[in-house]
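One structure is given here, and the rest of the page talks about it.
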Amino acid sequence: MTLAFRDKVLPVRGSLVMAIVNRTPDSFYDRGRTYALEPALEHADLAVEAGAHIVDIGGVKAGPGPEVTTAEEVDRVLPFVEALRTRHPRIVISVDTYRAAVADAVLRAGADLINDAWQCPDPELPSVVASYDAGLVCTHAGGQSPRTRPHRVEYDDVVDDVETVLCRLAEAAVAAGVRRASILIDPGHDFGKNSRHSLAVTSGLPQLVATGWPVLVALSRKSFLGEVLDVPADDRLEGTLAATAVSAWLGARVFRAHDVAATVRALRVVDAIAGNRDLAVGRRGLA
């Protein structure tokens, strides 16, 4: 299997890491550390050096908060895309947006992938992505409006619902002209789900993998891990890495992460156990 985003081709034998860079002043974890352009670029440089395959830029906090207009979102992400494209010509640049107008602006500037976390509320988005031969992440969000939190949400079978919705979104993207090799599906942990739903989706990943669409998971420091451990976001690294390793073993292939170096190391071990990666160095028992 390979993934193709514009002229970037990524083989998917092992695991791929998508680094998070938030150009927001109010993100739930980094709380504005990469809101300014230079800190954001330095963070991206470190992520690429640590082994990230994709850099994902977000200009709007996922949760509730002050309104961010389309123009303001473009102002937050576009200069970063332009600067990062110059600094790292071959890295896959992703932008986390559900707005077709934002996607058009950043793809014109050199982005390769649009990460729509809200189940495609803008019907023009897939066509815009297709017009640039770019990639698209299709995410299950339980049909909720962008930037809302779940409230007493219920499913007959959450994994079945996720599979049905994601396959429909992916096929609709193909019908709009997006290449099959350019589409990822994301079960949307915590989006339109309570913590038990997110745990069920994690254990049910083989059902999503069996669809044939490559699976991306965004687990990093999520609320469901906080509720498992009863700890705040700052203390969820171990939980994140445990969920990451399990998800990789169950067949997920792309991992959106705040802590790139730790995630890369964890996934290299999983890939080695699975036979998808050799030792970095072999010494023991050879002398």
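By the count of other C-beta atoms within 10 Å, a proxy for reagent exposure, Y132, Y155 are ordered fewest to most as Y155, Y132.
Among residues other than S198 with Cβ under 11 Å from its Cβ, the summed charge is +1 (Lys and Arg +1, Asp and Glu -1).
For the chain, complete DSSP H runs whose alpha carbons reach 24 Å or more along their own long axis and whose mean Kyte-Doolittle score is 0.5 or higher are 158-175. Taking label positions 7 Å along the Cα-Cβ direction at both R265 and S131, the computed distance is 4.5 nm, reported to one decimal. When the alpha carbon coordinates of the range 1-123 are projected onto the principal axes, the ranges are 40, 33, 24 Å, largest first.
Ranked from highest to lowest mean number of other Cβ atoms within 10 Å per residue, what is the order of the peptides 162-174, 142-154? Present the calculation step by step, with values, prior to reporting the outcome.
Details: 162-174: 19.1, 142-154: 13.3.
Per-residue Cβ counts within 10 Å, averaged per peptide and sorted highest first, yield 162-174, 142-154.
Treating r as the C-beta distance of R149 and R277 and R0 as 45 Å, the FRET efficiency rounds to 0.75. Normalised by the number of residues in the range 173-280, the average gap of Cα pairs under 8 Å and 6 or more apart makes the relative contact order 25 percent. Taking the DSSP beta bridges with both ends in the chain, the antiparallel portion is around 10 percent.
Footprinting exposure proxy ranking of T69, T24, fewest other C-beta atoms within 10 angstrom first, gives T69, T24. The smallest convex shape that holds all Cα atoms of the range 139-287, its convex hull, gives 138 Å³ per residue. Working from label points 7 Å from Cα in the Cα-to-Cβ sense, the V228 to T2 distance is 3.5 nm. I273 sits among other residues whose Cβ lies under 15 Å from its own Cβ, and their net charge, with Lys and Arg +1 and Asp and Glu -1, is +2.
The fewest-to-most ranking of K61, K222 by surrounding Cβ atoms within 10 Å reads K61, K222.
Cα centroid separation, the range 209-251 to the range 182-197: 11 Å.
What does the charge count near D122 come to, summing +1 for each Lys or Arg and -1 for each Asp or Glu among other residues with Cβ under 15 Å from its Cβ?
-3
No lab work stands behind these numbers, since they all come straight from the coordinates. The model shown is predicted, which means the values in this text are computed figures rather than measured ones. Because the Cβ atoms are built from the backbone with ideal geometry, glycine has one as well, and the counts that use them run over all protein chains shown.
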